[in-house]
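Working notes, beginning with the structure itself.
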C-alpha cells in the first residue's frame, strides 16, 4: 500500500516537469511514510512513497528490472506473488533480485505482456515504463480497490494515487473548474461515479482496465475484466457451501502474507462478513488483534456484539467510541483525504478506527465486497416483494405510479407504489439515493434535466438482460456503489492513517464461486447471503450467523437536530459555492430537518461534505494541515 505519481511527456521534455512531480510527492506521505524515491529520463518522470510490508529492506521503488530496461511504481499487494515468481522462473528463466511482489509484476509483463494482469491475485494500480520500446503500461485491479487518477494537458499525461497530487501540478483554471455533471450525479448517488472526478480536467482509470501510452499519443485503454454473473445450477448445495468456505479460507491465508515483523490485524463489526474474516485470520495468527468502533447512542454501535464475537473467536479486541465533537472537528481533514466528496457518514468512524488500529498494526483485513458478491443488501430482496406488480398490465402500473405522486411524503406505502410502477432500470441505481430530480431543482443551480443516473447504469443494464432483477442489482453495485463509495472510503480512510486495508472477499477465486450462485441460494424471504451464511456456520459464532446487517451506523439524524445544528449552519453560510448551491434552500432543508418530522439528514450531510470539499479544493479558503504520523516511520 503506497502512493505513486507519474508523468509521460508529450514532447520529450520530462525534465521540465520533473521538479513539479517530485514536489507533489509530499501530498502522499500518509500513503507511504517509510521511504520515497524518484526517477526520470527524457520522456518520463516518476515518484513513489512506500508503506513497506513485504521485503522491507529491498523492493525500493521506483523499481528497476532487467538491467534498468523497465521501471515500476506499484501501489497495492499481489497475494499470489510467490506462486507467480516461481512460475516465471520455472517457465521463462526469470531472475529476481528482491523477495517482493513488485518484481513479479514487471517480470510477468516482460514475459506475458498485458495479459499478466489476469494473473495477478490482489489489489493494484501500477505503471511500468519500458525504456527500450518507449511505452508506458499500467493497470488497475479487477474491482477497483486501489485508486489511479489521470490528467492530460499540453505537457503530457500525469497519473497519481491521490488527486490532490495532480492538483499540485494543474493550472489554476483546472483546479477551479467543477464538473457540473459530476456534481449532479454526486447529489443523486453520494459519490462521483467512475471515470469522472469532481474536477473536469482529472479523470480516473477505471477498475478492471489496463492501458498503454506512448509519447505524444493518447491513452489506449482495454477492459480485461467484466464482473459477470455466470449463474449455474447447483446439484449439491452442501458441496457449494464447502467450496465457499474453502475459497475464503485460502484467500484469507494469502491476505495474511507479510514480513515476519509486520503485524496484520482485522476490523470486526457485528456482522457476518468481518467476523468470518477475523475468525479465519485467527487460525493463522493466534494473537490476532481486532478493532471496532461505535457511538454512545443506543442502536448506533456494534461494540458489544463485536466484543462478544471477539471473545467467541478468541482474539484480543480494541474499541474506539467516536463523539459528535470529534466528527465535527475532523470532517474537514477527512474530506481533504478523500480527494473527491463521498457523502457516506460511515467513513467517519472508519477513519477513527483506522487511526486507532495503526497504533497497533500496519495492515488490517476487512469484509468489503461480501454484500455485492453474495447478495447481502436487503434491497436485493425488493424484486421478490414487487412480483405482484409485475403481473399487472403496464397501464395499470403506470396508473399506480401517478397515484403515488398524490400521496403525502412519509405516508406508508407511497414509495412501494412508486417503485412498483417502474421497471428495474429506472428504479434501481445503487444503495444510496439522495436527491431526486424534483428535489434538486431550486437547490442545485446548474441542474440539467438531460443528466440522469440512468447515464451511469444504462450500459450495465443492457449487458445483463439475461439475468434476474436481483442479480442485475448486484452487477450495478459492483460497477457503481462498490468502487464509488465502499472501496473509496476503505482506501482513503485507512491510507490517511498509513494503514493497509486488505479485502479477502474481493479475490478472484472467491469471486469465481460467488458469481455463479443462483439467486434462490443467495436471497430468501427471510434472509440475505443465504449460501454464505450456510458456508460459515462452522466458522462464525452462532450469535452472528443470522444477525441483520448494521455496518457503521452514524447518528447524524439526531445530531443535526441539536449538537451539530449550528456547525452545519455555519458550513452552509460560510460557503462561497453560491454559483452551484442555493444557500437559502440548503438552510431551509436544515431547519426543516430540525423541526421534523421528516428525516433529511442524508441530504444535508451530502451538501455539507460537498461544501467543505469546495472550500478546501476550489475556494482554497479552508486550509488543511495533515497531522504528522504518530507511529515510528523508517527514514
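Observations
- Residue in the range 67-78 that is without any contact (Cβ under 8 Å) to a residue 60 or more places away in the chain and part of a strand (DSSP E or B) present: yes
- Scanning the range 1-25 for residues that are touching a helix residue (DSSP H, G or I) at 6+ places or on another chain (Cβ under 9 Å) and part of a helix (DSSP H, G or I), we see that the one that is nearest to residue 40 (Cα to Cα) is 14.
- Matching residues, the range 519-533, being crowded, with 16+ Cβ neighbours inside 10 Å and more than 14 Å from residue 475 (Cβ to Cβ): 521, 523, 527, 528, 529, 530, 531, 532, 533
- Looking only at residues of the range 504-516 that are crowded, with 23+ Cβ neighbours inside 10 Å and assigned to a loop (DSSP other than H, G, I, E, B), we find that the one that is nearest to the chain's Cα centre (by Cα) is 506.
- Single condition residue 111 does not satisfy, out of (1) crowded, with 21+ Cβ neighbours inside 10 Å; (2) in contact with a helix residue (DSSP H, G or I) (Cβ under 6 Å, 6 or more places away or on another chain): (1)
- Flag if residue 177 is at pLDDT below 95 and either in contact with a helix residue (DSSP H, G or I) (Cβ under 7 Å, 6 or more places away or on another chain) or not assigned by TED's automatic domain parsing to the domain that holds residue 426 (or both): yes
- Tally of residues being within 22 Å of residue 491 (Cβ to Cβ) and out of contact with any helix residue (DSSP H, G or I) (no Cβ under 7 Å at 6 or more places or on another chain) across the range 38-54: 7
- You will find that of 53, 82, the residue that is assigned by TED's automatic domain parsing to the domain that holds residue 16, modelled with pLDDT under 95 and closer than 25 Å to residue 511 by Cβ is 53 and no other.
- Qualifying residue in the range 412-419 (condition: farther than 19 Å from residue 601 by Cβ, under 32 Å from the mean Cα position of the chain (by Cα) and buried (at least 16 other Cβ atoms within 10 Å of the Cβ)): yes
- None of 196, 230, 253, 247 is outside the structural domain of residue 139 (by TED's automatic domain parsing) and free of Cβ contacts under 8 Å to residues at least 40 places away in the same chain except 253.
- Annotation note: Cβ proximity below 7 Å between a residue of the range 131-150 that is at positive phi and a residue that is crowded, with 24+ Cβ neighbours inside 10 Å and in a loop (DSSP other than H, G, I, E, B) (sequence gap 6+ or interchain) occurs for 144/207.
- Scanning the range 206-227 for residues being within 19 Å of residue 119 (Cβ to Cβ) and in a loop (DSSP other than H, G, I, E, B) gives a total of 6.
- Leading residue by the ranking (farthest from residue 555 (Cα to Cα)) among those in the range 304-314 that are in contact (Cβ under 8 Å) with a residue 40 or more places away in the chain and surrounded by 18 or more Cβ atoms within 10 Å (Cβ to Cβ): 313
- Residues located in the range 134-154, provided they are crowded, with 18+ Cβ neighbours inside 10 Å, over 15 Å from the mean Cα position of the chain (by Cα) and over 26 Å from residue 579 (Cα atoms): 136, 137, 138, 139, 150
- Residue within the range 579-595 that is free of Cβ contacts under 8 Å to residues at least 12 places away in the same chain and touching a helix residue (DSSP H, G or I) at 6+ places or on another chain (Cβ under 8 Å) present: yes
- Test result for residue 42, surrounded by fewer than 22 Cβ atoms within 10 Å (Cβ to Cβ), within 21 Å of the chain's Cα centre (by Cα) and farther than 30 Å from residue 253 by Cβ: no
Each row is one residue, and each column tells you yes or no for (1) closer than 19 Å to residue 28 by Cα; (2) at pLDDT below 95; (3) touching a helix residue (DSSP H, G or I) at 6+ places or on another chain (Cβ under 6 Å).
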site	(1), (2), (3)
459	no, no, no
484	no, no, no
488	yes, no, no
494	yes, no, yes
497	yes, no, yes
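- Against the test of being buried (at least 17 other Cβ atoms within 10 Å of the Cβ) and without any contact (Cβ under 8 Å) to a residue 40 or more places away in the chain, the options 116, 106 yield a single qualifying residue, 116.
- When residues of the range 255-282 are limited to those that are surrounded by fewer than 21 Cβ atoms within 10 Å (Cβ to Cβ) and modelled with pLDDT of 95 or more, the one nearest to residue 369 (Cα to Cα): 256
The values are calculated or read from the model by the stated rules, or taken from the named source; none is laboratory data. All of these numbers come straight from a predicted model, not from anything done at the bench. All Cβ positions, glycine included, derive from the backbone under ideal geometry; neighbour counts span all protein chains shown.
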